[in-house]
1. In debye, nearest 20: dipole of the chain around its Cα centre with unit charges on the Cβ of K, R (+) and D, E (-)?
2. Per-residue counts of other Cβ atoms within 10 Å, averaged by peptide: what ranking do you get for 249-257, 294-302, highest first?
3. Using the charge dipole of the chain (Lys, Arg: +1 at Cβ; Asp, Glu: -1 at Cβ; taken about the Cα centre), state which of Leu223, Leu211, Ala53 has its Cα farthest towards the positive end.
4. Post the alpha-carbon centroid distance, segment 195-264 to segment 117-162, in whole angstrom.
5. Using modelled amide H (1.01 Å from N, peptide plane; none on Pro or chain starts), what sits under 5 Å from the amide H of Arg85, excluding residues fewer than 5 places away?
6. At q = 0.07, 0.13, 0.14 Å⁻¹, work out log10 I(q)/I(0) for the chain with the Debye formula, treating every Cα as an identical point scatterer and leaving solvent out; two decimals please.
7. Okay, helix-only estimate at 222 nm for the chain: each DSSP H run of n ≥ 4 adds -39500 (n - 2.57), divide by all residues, round to 500 deg cm²/dmol; what do you get?
8. Label segment 214-253 by shape, choosing from rounded, prolate and oblate, from the square roots a ≥ b ≥ c of the eigenvalues of the Cα gyration tensor; if a/c is under 1.5 it is rounded, and otherwise prolate applies when a/b is larger than b/c, oblate when it is not.
Amino acid sequence: MSNGLDIEEAERLVSVATLANRTSSVLEKLRDSARNARADDRREPTFTISKAAELVNRTPAAIRDAEKDGRLPEPLRTDKNRRERYTLAQLNDMRGVFGTRPYRAPGDPCCVVAVQNFKGGVGKSTVAVHLAQYLAIRGYRVALVDCDSQASATTLFGYVPDLDLDEEDTLYPFLREDERTSLDYALRKTHFDGLELIPANLRLFNSEYELAARMARGGFDALLNRLKVGIDSIADRFDVIVMDPPPALGAISLSVLRAANALVVPVPPTVMDFSSTAAFLSMLDETIEQLAEREMAPELQFLRFVGSKVDENKSMQKELLQLMRTLFGHAMVRTPLKDSAEIDNATARLMTVYELDGPATSSAVRNRCLGYLDGVNAEIEVDIRSMWPSHQAALRKAALA
Ligand SMILES: Nc1ncnc2c1ncn2[C@@H]1O[C@H](COP(=O)(O)OP(=O)(O)OP(=O)(O)O)[C@@H](O)[C@H]1O
Ligand SMILES: [Mg+2]
């Protein structure tokens with residue numbers, strides 16, 4: 001390379017660095033101006049007594065009685081002597097008192113569900129975070145593992161990943177250091193009671209390269225198995241572990257597949273995304289076969305496709321959604337996750353639809369959006385519970401009702 005080119009190269013690198021810095025500082029300002037609360041002062045979602053009753057599977061009268069007879073603490077009152085809304089932590093206490101916790105039995109397997117698609121921007125992080133929060137609201141013990149160095153899921157919990165978090169806070173040390181035996185160090189509580197997060201930040205990107213390089217040098221199987229070892233080390237404490245992988249078939253995505261026992265695949269019904277889903281499925285098939293040759297095939301208990309970012313005003317999307325339903329049959333989640341301004345607006349505030357007490361748009365838009373999210377998540381919840389022998393009688397009863 002000539003000197004001239006070296007200087008040009010240096011200038012190019014400098015300007016990328018400058019742009020990166022400028023962009024980060026603008027992003028920081030945008031975040032401030034969106035007044036998004038940082039992780040430490042995020043508020044947990046709250047519920048009216050009728051919603052609380054529905055969620056803990058008792059009547060409002062049963063809650064009032066338990067408050068009167070001292071099984072539950074007296075409700076907090078507002079200045080106008082109205083009952084304060086209940087927090088998720090209070091709902092979980094009620095579940096304890098009423099014996100309505102939906103936990104799996106100790107012998108049932110922990111559901112490790114990866115929200116996977118090798119295509120970018122299809123709604124993986126949106127689906128993963130809303131699924132994890134939906135399950136926590138229903139009283140399950142949930143961990144969300146952000147496996148993507150872009151850290152979208154982490155951001156939705158109020159962190160500015162590269163300011164607030166160290167690489168030591170992520171999966172990275174566990175993947176790097178064979179001596180570590182548990183992922184416990186990386187779990188942190190969130191503003192959703194019962195939902196813990198393993199966050200990510202840009203540093204996790206290094207582990208993608210390191211893992212790939214070490215795999216190339218040998219010890220492929222052990223490295224591929226490493227994330228599964230980590231997940232297994234924390235699985236005892238949770239009913240469901242949701243993983244949000246990066247959008248490429250790299251070392252981390254492979255490790256996620258290896259660790260999962262269930263898959264949820266978001267697919268926007270556009271021609272481009274549909275063809276990438278076809279590619280995803282053949283890659284998945286090949287990958288599972290390769291893993292099987294090494295006796296490391298994931299034992300998938302369910303595989304569900306979610307039509308995501310659906311715009312049914314577009315006739316082409318309607319047709320493709322129908323085609324997907326025909327093609328995937330029961331594997332296709334019936335409720336489409338429509339494209340919604342509520343999701344867009346909540347994301348712009350770095351929040352989720354479940355965490356906002358009121359609409360980011362209008363009540364009508366918010367209610368419709370909650371309808372799609374709850375619909376999709378309820379179907380996945382049934383799949384999860386179907387993995388648990390202790391839940392099967394209740395599921396059969398519900399199906400007959
Ligand atoms: N149903 C929806 N309605 C409106 N916006 C949505 C919806 N689903 C996702 N989005 C938006 O699309 C963008 C990409 O979504 P998301 O980050 O969930 O995708 P991803 O598959 O995780 O992306 P990546 O591959 O980069 O990890 C986000 O800005 C998100 O807010
Ligand atoms: Mg993502």
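We did not get these values from a lab; they are worked out from the coordinates using the rules stated. For clarity, every value in this text was computed on a predicted model and none was experimentally measured. Positions of Cβ are generated from backbone atoms using ideal geometry, with glycine treated the same way; all protein chains shown enter the neighbour counts.
1. Numbers: 50 positive and 58 negative charges, 373 e Å.
Dipole size: approximately 1780 debye.
2. Details: 249-257: 23.0, 294-302: 14.4.
Highest to lowest by the protection proxy: 249-257, 294-302.
3. Ranked along the dipole, the leading option is Ala53.
4. Value for the Cα centre distance between the two parts: 15 Å.
5. none
6. -0.36, -1.21, -1.38
7. Working: 16 runs with 203 residues, N = 401.
Theoretical 222 nm ellipticity from helices: -16000 deg cm²/dmol.
8. Details: a/c = 5.33, a/b = 1.53, b/c = 3.48.
Oblate is the answer for segment 214-253, as a/c is 1.5 or above yet b/c matches or exceeds a/b.
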